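> One structure, as structure tokens, below. Some questions next.
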Amino acid sequence: MNTQAKPTHDQRDWTFQPLAKEFTADPYAAYAELRERDGFHYYPDFNVWIASRYRDVQALALDRRMVRSLEGIASPEELAALQRSINFHDMPYHERFVQVNLLENDGEMHDRLRKHVFRYFTPAGVAGLRGMIQDYVDSLLDSLEDREEIDFVADLASHVPGHIIGRLLGVPDEDCPKLRHWSEEIVRYFDIDRTDANKAIAENATKEFADYMIALKADLEKNPGGNLMSKLLEIEREGGFVGDEYIATTMLILKAGHGSTIDVLGSGMHALLRFPDQMKRLREDPSLVATAVQEMFRYESPLPFFHRYNAEDVEIDGKHFPKGTKFGLLYASANRDPEAFDDPDSFDVGRRPNRHIAFGGGAHFCLGNHLSRLDMEVIFTSLLERFSSIELLEEPDYKPGIQARGPKSMKIALKRA
Ligand code: HEM
């Protein structure tokens, strides 16, 4: 007979510690331990059952009984108590514009909002942006030409995603740098470290961001352009967005892939520097750039962890999980699972097949995956063309935690081709 899932004896002998220094330096050792020990590992700090093996993570992402929001599963009183217990309450802007959006919803609302924006992010939808991305990357590289030493993260990577996604939506160029600041301060609040000081930072950033978007929307209502925010305004006029949905959706698009693209640009550059034979291979055969970029996502998945709740009781591997149990989908661990990838800890710019799940799967599969891959393909092709030598000057430190993975900064030396 199945019993309600409980932490196993094994789990008490070993603790998963995603905030430890050793974890930040090498999370993959802990992920391997998780995969070997137990299919589903109970992690008390998040009150979550973590799936770390590829097949389990993928199955959870594809399972329609697994949802992002507890709405309709827990009562309003239970939901309010949960919000308080995880310190996600008393932050009116965050609750209104960040905690409620298409990523955080399921069913009709999710499908409707996703449908409004989906077509602008298909491969055909983003292909037309290539010229604009190339021009912007060229101008950035021009500005770095005389510098022998740069911080790859601050001087290059951090400028690109905000500028491109901002242009696409209709944010004036001069305001795009603010998007990074707001996105990072808001996203920080999703990690375990929910101090009151971080709460105030996340709430202030959400307020500034939302106020900015409300003012921009008012401008675009008077002077629409050919940008995405103007196109979405037409959908709103036809009743496609109600209440705060327009602002929450545009804020999500502007922030969702922001820090993560910066992070994977940094970790992807770092991987090429750690594996010079792979950098040489890519230089010699630039047509490998698409598989190289996919391998960067697999090797250091920039968004390692997402959650789901089960909308009904489920049995998995003989364990019973009552409705409303929280599951963790450890995409970064799944992407290093030897059962799914040959030699998973090696970085191979020509890896095929490469069925990584760094963009998730199922109903919430990443909307921006084609766009972020396009940004990366342009950057790495241009960098390798323009600079005959790229060297790492000091080993970078990575961000702590399991919500994001990427180097904080990375000093490199460049020599012109
Ligand atoms: C490094 C780049 C990126 C990575 C690794 C990434 C990863 C992900 C993942 C894993 C999910 C699924 C979350 C889940 O399982 O619950 C997701 C969803 C999403 N991503 Fe991305 N993303 C990236 C870039 C972008 C960009 C550039 C955009 C901007 C358009 C974007 C917009 C979204 C949206 C709107 C969703 C929610 C989709 C839904 O709920 O239906 N992402 N992303």
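The values are calculated or read from the model by the stated rules, or taken from the named source; none is laboratory data. What you see is a predicted model, and the numbers here were worked out from it, not measured in a lab. Heads up, the Cβs are rebuilt from the backbone with ideal geometry, glycines too, and the neighbour counts pull from every protein chain shown. Please note that ligands, DNA and RNA were not included when accessible areas were found on the heavy atoms of the full protein model with its side chains. Shrake-Rupley method; radii C 1.70, N 1.55, O 1.52, S 1.80 Å.
> Go through the stretch 193-216 residue by residue and tally those that are outside any helix (DSSP H, G or I) and under 18 Å from Lys408 (Cβ atoms).
Of the residues in that region, 1 qualify.
> Same structure again: Does Phe88 satisfy the condition of being of a type in the set (Phe, Trp, Tyr), open to solvent by less than 30 Å² (accessible area, probe 1.4 Å) and under 21 Å from Lys199 (Cα atoms)?
yes
> Checking Ser333 against (1) out of contact with any Gly (no Cβ under 7 Å at 6 or more places or on another chain); (2) over 26 Å from Leu265 (Cβ atoms), which test does it fail?
Condition not satisfied by Ser333: (2).
> Checking Asn204 against (1) open to solvent by less than 40 Å² (accessible area, probe 1.4 Å); (2) away from the ligand (no atom under 16 Å from the Cβ); (3) within 27 Å of Ser85 (Cβ to Cβ), which test does it fail?
In the conditions (1) open to solvent by less than 40 Å² (accessible area, probe 1.4 Å); (2) away from the ligand (no atom under 16 Å from the Cβ); (3) within 27 Å of Ser85 (Cβ to Cβ), Asn204 misses (1) alone.
> Moving to a separate point now. Give the residue, chosen from Ser382, Ser372, that is closer than 29 Å to Leu129 by Cα, touching an Asp or Glu at 6+ places or on another chain (Cβ under 9 Å) and assigned to a helix (DSSP H, G or I).
On inspection, the qualifying residue turns out to be Ser382.
> Turning to a different aspect of this structure: Taking the stretch 308-367, which residues are farther than 20 Å from Ser52 by Cβ, crowded, with 19+ Cβ neighbours inside 10 Å and in contact with a strand residue (DSSP E or B) (Cβ under 9 Å, 6 or more places away or on another chain)?
Listed by number, the list holds a single entry, Ala311.
> Oh, and also: Please list, ordered by residue number, the helices (runs of 4 or more DSSP H) wholly in the stretch 230-302 having 3 or more residues that are free of Cβ contacts under 8 Å to residues at least 60 places away in the same chain and away from the ligand (no atom under 11 Å from the Cβ).
Fully inside the stretch 230-302 and qualifying: 276-284.
> From the residues in the stretch 166-201 that are open to solvent by 20 Å² or more (accessible area, probe 1.4 Å) and hydrophobic (A, V, I, L, M, F, W, C), which one is modelled with the lowest pLDDT?
In this case the residue turns out to be Ile192.
> A further question follows. Name the pairs: first residue in the stretch 53-67 and of a type in the set (S, T, N, Q), second residue assigned to a helix (DSSP H, G or I), Cβ to Cβ under 8 Å, at least 6 apart or on different chains?
Gln58/Ala334
> What do you reckon, is Gln17 open to solvent by 50 Å² or more (accessible area, probe 1.4 Å) and either at pLDDT below 90 or not acidic (Asp, Glu) (or both)?
yes
> Based on what the data block shows, is Glu148 among the charged types (D, E, K, R) and either surrounded by 18 or more Cβ atoms within 10 Å (Cβ to Cβ) or modelled with pLDDT of 90 or more (or both)?
In short, no.
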